[in-house]
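The values are calculated or read from the model by the stated rules, or taken from the named source; none is laboratory data. Note that the coordinates shown come from a computational prediction; the quantities given were computed from them, not determined experimentally. Please note: Cβ atoms are built from the backbone with ideal geometry, for glycine as well, and neighbour counts cover all protein chains shown. Surface accessibility is based on the protein's heavy atoms, side chains included, excluding ligands, DNA and RNA. Shrake-Rupley method; radii C 1.70, N 1.55, O 1.52, S 1.80 Å.
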Amino acid sequence: MTENDIQPWLFVIAPLPGESLSHFLGRFRRRNHLTPSSLGQIAKIGAVVARWERFHFNPYPTQQEFEALAEVVGVEVERLWEMLPPMGEGMKCEPIRVCGACYAQSPCHRIEWQFKSVWKCDRHQLKLLAKCPKCEARFKMPALWEYGRCDRCRLLFGGMGEYQKTI
């Protein structure tokens with residue numbers, strides 16, 4: 001048996017409803033102790049994982065890239081496509097935005113929060129937060145959200161809903 005014959009085994013995680021690709025990839029990588037580049041190497045798709053985690057979808061992912069990624073992460077290709085913005089929908093890569101009320105119900109970053117056309121939460125009628133309401137630190141990319149809280153003051157994302165303005 002050669003070194004190339006050894007295949008890594010990975011823990012599969014289920015995507016959450018409405019979850020962004022960035023958040024899902026971060027959860028998968030942490031569960032399996034992988035870097036973006038190592039995930040790209042295992043899937044044989046190169047360095048695109050780091051770009052996708054930052055919401056840089058230009059060029060848009062290809063069917064072949066998603067098929068390779070789906071095989072590694074154990075998720076259907078169609079489900080991966082659901083984690084992306086629809087074709088033609090503009091993305092706001094920065095600042096990262098959050099609805100604390102939604103996060104309290106389902107602890108994940110939702111892809112629609114980054115759409116250029118979205119500035120409020122349709123479920124709760126609250127303006128999306130672009131920085132921590134307590135310390136005003138900008139949010140890190142969702143792939144890095146290990147504990148679901150502000151990295152500076154440790155305020156939980158789920159507790160930020162009370163600071164959001166009603167629309």
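Tabulated results
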item	result
Region 34-102: translational diffusion in µm²/s, Stokes-Einstein, Kirkwood Rh over Cα pairs, 25 °C, 0.890 mPa s	187
The chain - mean residue ellipticity at 222 nm from DSSP helices (-39,500 (n - 2.57) per run, n ≥ 4, rounded to 500)	-8000 deg cm²/dmol
Three-way shape label, region 68-119, alpha-carbon gyration tensor, a/c 1.5	oblate
Carbon plus sulfur fraction of accessible area for the chain, probe 1.4 Å, in percent	52
Global geometry of the chain, whether rounded, prolate or oblate, following the gyration tensor of its Cα atoms and the 1.5 cut on a/c	prolate
Charge sum, other residues only, whose C-beta stays under 12 Å from Phe28's C-beta, Lys/Arg counted +1 and Asp/Glu -1	+2
